[in-house]
Amino acid sequence: MRHTPKQHTVLGILFFATSSKLQGVKTAMFKIDINNEKVRDIIGLLIGIITIPMAVSTLHWSNTTSETITMSINEANTYGFYQGKAVRKAMTQLRIYDLEMDLKINPPEKPEHLEVIKERMAKLRQAADTYESDPKTGEGKKELLEKAKAIEAKRDHMSTSSTYYGNAMILLQLSIILASTALTVRVGLLLVPAAAFMLFGLFVLMDAAMVFFPIPFF
């Protein structure tokens, strides 16, 4: 996925801001007394709070994954319907061609027979035009193709959201695991990557809703 210079600039700013924040967090972590009961209670509370956005990301990941599968099926069905209309139009045009050739090779002797054939050809041409475009029912080739492309675009967006929600869930889980491990083994330094995973996970979770900022390595 290519990014515009503006997006690269935003990425650089985010990286710099995150790096600066993490440096401050890292410095603060060295000052945290992991053996202090109040500190441990605060960290435990933060772990509990992190489970809320993790639960949200898990729920949305499940929903968007199901929606992506449903849309993929709808897209395939719509494209299949479109192909069916294309085949029927081609068969109708072939029938018109056969009738035209019959009129040239074996013109009917009676005028009423000629009128019947011409009426039949007119109906076939009308049917062929309907197969190409039918705004009334929305089931012409043109309308079906537009519908299929719209479903495809929505499916792609939903698939990206699903990926982001899944990654946010994993990042927040890692943050909880590291923070819990820090409390268990009483190593405050583990809170640094825990904080990094938490911040990045929250950013990805917020980005997953609208995908306003494509993340290059996802």
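Output the number of the condition that Ala194 fails; it satisfies all remaining conditions of (1) free of Cβ contacts under 8 Å to residues at least 12 places away in the same chain; (2) hydrophobic (A, V, I, L, M, F, W, C); (3) more than 23 Å from Thr78 (Cα to Cα).
(1)
When you look at Thr78, is it surrounded by 11 or more Cβ atoms within 10 Å (Cβ to Cβ), touching a Lys or Arg at 6+ places or on another chain (Cβ under 9 Å) and either closer than 29 Å to Thr160 by Cβ or modelled with pLDDT of 85 or more (or both), yes or no?
Yes, satisfied.
Looking at this structure, is Ala168 more than 30 Å from Ala76 (Cα to Cα) and buried (at least 17 other Cβ atoms within 10 Å of the Cβ)?
Taking the combined requirement at face value, the residue does not satisfy it.
Thr137: closer than 26 Å to Gly44 by Cα and at pLDDT below 95, yes or no?
no
The values are calculated or read from the model by the stated rules, or taken from the named source; none is laboratory data. Remember, it's a predicted structure, so these values are computed and weren't measured experimentally. Positions of Cβ are backbone-derived with ideal geometry, glycine not excepted, and every protein chain shown enters the neighbour counts.
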